1. Averaging over every viewing direction, what projected area does the convex hull of the Cα atoms of segment 161-273 cover, in nm²?
2. For segment 29-149, restrict the atom set to alpha-carbon positions and state the Rg and Dmax in Å.
3. Spelling out what I want: for every residue of segment 355-370, take phi, set θ = phi - 60°, compute 6.51 cos²θ - 1.76 cosθ + 1.60 (Karplus), and round to whole Hz; glycine and proline get x.
4. Given the DSSP H assignment, sum -39500 (n - 2.57) over each helix run of at least 4 residues in the chain and divide by its residue total; what's the result at 222 nm in deg cm²/dmol, nearest 500?
5. How much length would be gained if the chain were fully extended between ALA176 and ARG142, taking 0.36 nm per residue of separation minus their Cα-Cα distance, in nm to one decimal?
6. Give the value in nm², to one decimal: projected area of the alpha carbon convex hull of the chain, averaged over all directions.
7. Seen from all sides and averaged, what is the projected area of the convex hull of the Cα atoms in segment 68-224, in nm²?
8. Explain nothing, just compute: Karplus ³J(HN,Hα) = 6.51 cos²θ - 1.76 cosθ + 1.60, θ = phi - 60°, for every residue of segment 153-165 in order, whole Hz, x for Gly and Pro.
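The values are calculated or read from the model by the stated rules, or taken from the named source; none is laboratory data. Predicted model only: the values in this text are computed from it and were never measured. In this analysis, Cβ positions are derived from the backbone assuming ideal geometry, glycine residues included, and neighbour counts consider all displayed protein chains. Quick note on the areas: whole protein, heavy atoms, side chains included, nothing else; ligands and nucleic acids left out. Shrake-Rupley method; radii C 1.70, N 1.55, O 1.52, S 1.80 Å.
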Amino acid sequence: MRVRFAPSPTGTLHIGSARTALYNYLFARHHEGKFVLRIDDTDAARSRAALEESILADLHWLGLEWDEGPDVGGPFGPYRQSERAERQRAAADGLLASGQAYRCFCPEERLQDLRRRALAEGRTPRYDRRCLALSADEVRRRADAGEPAALRFRVPAGEVVVDDLIRGRVVIGAEALSDPIIVRSDGAPGYNFATVVDDRDMGITHVIRGDDHLTNTARQQLLFIALGGPVPSWAHHSMVLAPDGGKLSKRHGATSVAEFRDLGYLPAAIVNYLALLGWSHGEEEVLDLDRLVREFDLDGLSASPAVFDAAKLDWLDHERIMALAPDEHRRRFAERLPAGTPPQAAAALAAAAQPSLVRYGDAPALAAEVLAPPPPPDALRARALAAAAQLAHVRALRAAAPEWLTPAAARDLLAAYRAWGTARGCTARELLMPLRIALTSAEHGPELPFVLAALDRSSVLARLDLILTGPGESTPTPGDPS
Ligand code: GLU
């Protein structure tokens, strides 16, 4: 089995296209077939080399490695559609010679006019076949005179029945199918035709893509037959819709793989999420790529639209983060923090965040709550100041300890503080809340041992002093090195 993912380098990799790539990948791996990457760059005006690069990078990042493609080559190259134009034109000449294609001299203005009129009358725009009616003599005369002409495929009469592995039997009425241009007047092959010739020449056995291509598929099936077949198996999965039922677009938030990467989602979570989107898989939902390869098949895919559920992606990402080894988690967390963040601080904050973190992109904001809090509002400051004796004591404890504390050492320090306070009749809350406010200017946040471990000694002392003596002063304490 040979499948292909065929993105156009006219935009970055959309999350819906990534899902198409994933389904092709899983299908190929599950059946031990080949996964081909072909760049469909027939739209020369809008195709960009930089976008092709970004699509490849995004696919690598997701871990969807291909067996053949523009970068790795393969026995069916080249893997850019534009580089295969000679074969596509030769195939078109074959159709012209056998009478299955014809020259169309209609200028663009006429075609636009036909389109406009059809739309105004509420009809699907279709080419009116004016040039099909030209006599052979006239065609020869005008062609010999060098008049520019496109080649159109002559769509046979009757409806087209597409046998789809996901949707069953799909009937596309002939009225939806205008005679497609297979080679434009400038010699450039059109998308539908180039795709058919390439799929045929590359031995593609299964075409798996979004159901927005169904009308193209009807045309392409006719073209496969006209070229002598065989017709590949078709599988059209549903589209990814926004929660409001519309197309998933910018106004719903992130839509490209790059944006999700920048937000700090793990590739494994995105792959897991996209696989589940429209694919039913029992109770268990946290699945890695190997498992997906083993269990995925097209018959589990739903034909109805899949609605993008950001909360579910968040949940899966969180599950993945919790399952990461602490070192790996610390590395991913730390690389998101501002340059110069002390490693001790990064490690403590990473450890504090792991049980609740949703995505790594949240790391800088979480870290800033501890490393760079705003000054406490007056009400909170007053509340902390009401516990000045407690704060002075914990300050002395901290002043006597090393520059950095591990979370375990911080826990010991807090235990000593609590023992001291309990002996004087203070509750845990009366001891810890003023300290939390002094250190973070807030009543909630990471557990205190992690806060203490994320701040060096002088920062802790400075924040306590800010409460105890106000800005610009400091309390001399025995053992305070400053
Ligand atoms: N280049 C087309 C797209 O990006 C490919 C469609 C196909 O799979 O044939 O939608």
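1. 10.1
2. Computed over the Cα atoms of segment 29-149, radius of gyration and Dmax are 20.5, 57 Å.
3. With the stated coefficients, segment 355-370 comes to x, 10, 5, 9, 7, 5, x, 7, 4, x, 5, 5, 5, 5, 4, 9 Hz.
4. So the helix-based figure for the chain works out to -14000 deg cm²/dmol.
5. 9.2 nm
6. On the way: hull surface 122.8 nm².
Across all orientations, the chain yields a mean hull projection of 30.7 nm².
7. It is 10.9 nm².
8. So the J values, rounded to whole Hz, are 7, 8, 5, x, 5, x, 6, 10, 10, 9, 8, 10, 5.
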